[in-house]
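What follows is one structure encoded as structure tokens, with my remarks underneath.
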């Protein structure tokens, strides 16, 4: 976990102070896309190699949907309350 | 983008299932560790480069941060209750909910930091969250109010769902939507590992 934070911090410092031009930012987003695709491939292979996980795919799907719908529902509820209290008229 | 994501994950699953022997698992773990740090570095560079958002934020006032704060509290409440119902650990549930719809990063982080199963749940649940957002944003904007339509989108309100929010609401809401997505995206790499240790 600490490594994740270190790399995030180094990145933010580079992005803030390195005076990057548009070309460098474009390259960064291309590299980011490449890194993302590579990682998702690895993530997929971890799933594919895990036979017990594959046999539980139905349960995983139902659990995932439960997490998604409840998180979205309570976010809507809380934001609606906040807008009624603090952003009246919007 | 989303087609690339689907192709990568599916090819990975297929390769893992058909071709990769169990012995190369440590290699995959190491390689994905390096790739993760690299990805996080590029995410950081982007966040640092887009810091002009903070200036725009000053014009709108700090009140605008109540929106991402409400989404964080709402998502965590939803995650916690679902965890209790499904009998999953509180830390894991809060970690999954702290993806705020950013499926690729939360899935990857939890595959790496927890297990392939939790990573898969995080990935899928955040994919579902984005799908729910796409379907409900126009309805919420019409029947509740503009700002609330940002809520289901979570972290995706700065990129993939921004065009939908922008279409369904007005310019100011679109800007707040971007700021909201930016703030939540910045929180994901902190909150996902943080809650896992609960």
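Arrange the following residues from fewest to most other Cβ atoms within 10 Å of their Cβ: B:121, A:76.
A:76, B:121
Rounded, prolate or oblate for chain B? Axes are the square roots of the Cα gyration tensor eigenvalues, ordered a ≥ b ≥ c, and the cut-off for rounded is a/c under 1.5.
prolate
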Note to self: Can you tell me which of B:173, B:111, B:42 moves the most in a GNM of chain B? Springs connect C-alpha atoms under 10 Å apart.
What the structure shows: B:42
Next item on the list: Just need the relative contact order of chain B here, percent rounded to a whole number, with Cα pairs under 8 Å and 6+ apart.
Entry: 21
Item checked: Cα gyration tensor category, rounded, prolate or oblate, for the protein assembly as shown with a/c compared to 1.5 -> oblate
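When the helices in the protein assembly as shown are scored as -39500 (n - 2.57) per DSSP H run of 4 or longer and the sum is shared across all residues, what 222 nm value do you end up with, to the nearest 500 deg cm²/dmol?
-27000 deg cm²/dmol
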Check: At what distance in angstrom do the alpha carbon centres of segment B:84-162 and segment A:1-33 lie from each other?
Finding: 24
Check: Using a ≥ b ≥ c from the Cα gyration tensor of segment A:1-50 (square roots of the eigenvalues), is it rounded, prolate or oblate, where a/c under 1.5 gives rounded and otherwise the larger of a/b and b/c decides, a/b for prolate?
Finding: oblate
Margin query: With bins 5 Å wide starting at 0, give me the P(r) of segment B:128-198 over every alpha carbon pair, in whole percents.
Written below: 4, 20, 28, 21, 12, 8, 5, 2, 0
Notebook entry, point to check: What's the Cα-based Rg to Rh of chain A, Rh via Kirkwood?
Noted result: 1.14
Check: Just A:26, A:38, A:54 to compare: in a GNM of chain A, with alpha carbon springs under 10 Å, which one fluctuates most?
Finding: A:26
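Would you mind ranking A:43, A:37 by Cβ crowding within 10 Å, fewest neighbours first?
Going from least to most buried by this count: A:37, A:43.
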Note to self: Sort B:25, A:22, A:51 by Cβ crowding within 10 Å, fewest neighbours at the top.
What the structure shows: A:22, A:51, B:25
Next item on the list: For helix B:171-196, report the angle its Cα long axis makes with the longest principal axis of the Cα atoms of chain B; keep it between 0 and 90° and round to the nearest 10°.
Entry: 30
Item checked: Listed residues A:41, A:74, A:65, most fluctuating in chain A (Gaussian network, C-alpha, under 10 Å) -> A:74
Item checked: C-alpha center-to-center spacing [segment B:1-43, segment B:163-198] in angstrom -> 26
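Readers should treat all values here as calculations from the given coordinates under stated rules, not as data from a laboratory. Computed from a predicted model, the values in this text were never measured in an experiment. As a convention, Cβ positions derive from the backbone with ideal geometry for all residues, glycine included, and neighbour counts pool all protein chains shown.
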